[in-house]
Structures are given as C-alpha cells and as structure tokens.
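Colleague: Pasting a structure here, questions to come.
The values are calculated or read from the model by the stated rules, or taken from the named source; none is laboratory data. Owing to the predicted nature of the structure, the values given are computational and were not obtained by experimental measurement. In this analysis, Cβ positions are derived from the backbone assuming ideal geometry, glycine residues included, and neighbour counts consider all displayed protein chains. Protein only, heavy atoms only, side chains kept; ligands, DNA and RNA dropped before computing areas. Shrake-Rupley method; radii C 1.70, N 1.55, O 1.52, S 1.80 Å.
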Amino acid sequence: VGQPGFHGERLFVVMAEQADLTGLPGGTGQAGRDARATEVYRRLVAHAERSQADLRADLDRLGVPYRPYYLVNAIEVDAGPAVRAWLAGRGDVDRVLRSQRLRPLPVPAGTASGTAGLAPESPEWNITAVRADRVWSRFGVTGKGIVVGGSDTGVDAAHPALADGYRGGGYSWYDPWNGTTAPADRSGHGTHTMGSAVGRGGIGVAPGAEWTACVNLDRNSGNPAYYLDCLQFMLAPFPPGGDPWRDGRPPAAPHVL
C-alpha cells in the first residue's frame, strides 16, 4: 500500500507569458554583475506577480493549494486530472507538466561511506588531465575570491576536502526536499561533484574557492519545482525561513553554478 499509483504527484503549470530580460544594466566586475542580477530578480518577480494574479485568484477561490515560481513563470499546483484539464484550457497557460513526488521507502535507506582510504598525496588524475595543477603553480590561481554554488543531493560539510570551503552565513544553504538547516548529503553525489569543483588536497579544480549549496535531488531523483527552488536560491539567495519573492539577495549569489 502506498507504492503504486499517483503518490503525491502535483501539476507544474508553465504560464504563457514569460518575462522580458532585454536591456539589462551594463558595467563590468562584481558591481556590474550585481546590478544585472538585481534587475533580473526585480523584473522576474514583478512580471510573475502580475501575470499569475488571475490564476492564483481562481485557485484561491477553488481552495486548491499551490506554490508560485518566478524564475520560470510557473505555479506548482496540488491537484489531479480534473484540474489539469481546466488548467490546460486556459489562455494564460502554456503547458501543464507532472511534478512527481518520491514515494516513501518501505524501510530506511542504509548509510553509504567511501572506500578510497587516505587522501591523495598528489593531485588526482582528473586535475592533471585538465592541467589545473599547472594553473595553481604557474599563475597562483586557485579560485580564491570565487564562490561556487552546487545544486545536487547536498554536501557533507564535514568532509575534510570541503569543510574549510563552506562560505557559511545565512545565504549559503537551502534544502527544499527535507528542510535541513545545515549542509548535509543523504546520498553522497553532491559531495562528490562539489569536491571535483572546489575540494582541497588535490581533489578539486579550484581549491581556493568557497561553496554554497542547495538540495535539488533526493535519492538522485528530482522534479521541475525542486529544480526551480534551487535555481531561484542561486540567483537570489534568501535566509533560512525567508520568502524567495521578497527576501532574495542577488549580491549574495555564487559566481559559478
């Protein structure tokens, strides 16, 4: 019981009208980048609020729960086939997708652990293959001053290759899947990918960079809504318990995703 069927599936409604992002501010360096990101955030939120108003009002009147998004002008709706047919026939809707939810496991998942043993004594083969180690030694460039944002299964912040690189603060971690308040990784995949990017000790390409993270996968599966939760957090990070539409702070966004 609870395994077959439509367990918690929702509808992901993509609106017909998407925001115009032409004519953004110019400028170079961090200041120019922050100005563009801030204007993008402002336009996306304003456009989504205006264009979603009629549909949200109808959903409120029908008592149908929903969660709106601005990065892609869309709404995740908690409803079934009848509401899907009604949504698909609206002129302000482009298309309706399924937003799957994972079924609960019949028993708790086991804990996986690495088996590689000691840390490497020299840069790993992937680092030498892209010649990142030569960039470190010849130019002294290690990624210092850069923040890398990872959207994956999470990150184990206690891992010795990653512990010193976590940026921390109130705008560096978000977990829409499980609501954790500090970096964690239930499967290890996000720890691996972040390690390849910024891991210390010959593990990562940019060992001097810092990292932030968001959980967009659970048990290595995702859906459109949770992917967007993380992408919105990467564009305009918000503090724990904050509202993505009101509390986003584009200057706190990572430089690289």
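Colleague: Going by average Cβ density within 10 Å per residue, which order do the peptides 137-144, 19-26, 250-257 take, highest to lowest? Let's see the in-between values first.
Modeller: Details: 137-144: 12.5, 19-26: 10.8, 250-257: 17.2.
Peptide ranking by packing, descending: 250-257, 137-144, 19-26.
Colleague: How much solvent-accessible surface does residue 62 expose, in Å² to the nearest 10, with a 1.4 Å probe and all protein chains in place?
Modeller: About 110 Å², ignoring ligands and nucleic acids.
Colleague: What residues from segment 7-37 fall in the zone where the backbone N is under 13 Å from a label point 7 Å along the Cα-to-C-beta line of residue 95?
Modeller: It comes to 12-16, nothing else.
Colleague: Treat each spin label as a single point 7 Å out from the Cα along the C-beta direction, and report the residue 130 to residue 35 distance in nm.
Modeller: 3.1 nm
Colleague: Which of the peptides 215-223, 46-54 is most tightly packed, and how do the rest follow, judged by the mean count of other Cβ atoms within 10 Å per residue?
Modeller: Packing proxy ranking, top to bottom: 215-223, 46-54.
Colleague: Then there is this: Looking at the P(r) of the chain, how many percent of alpha-carbon pairs lie beyond 26 Å?
Modeller: 50 percent
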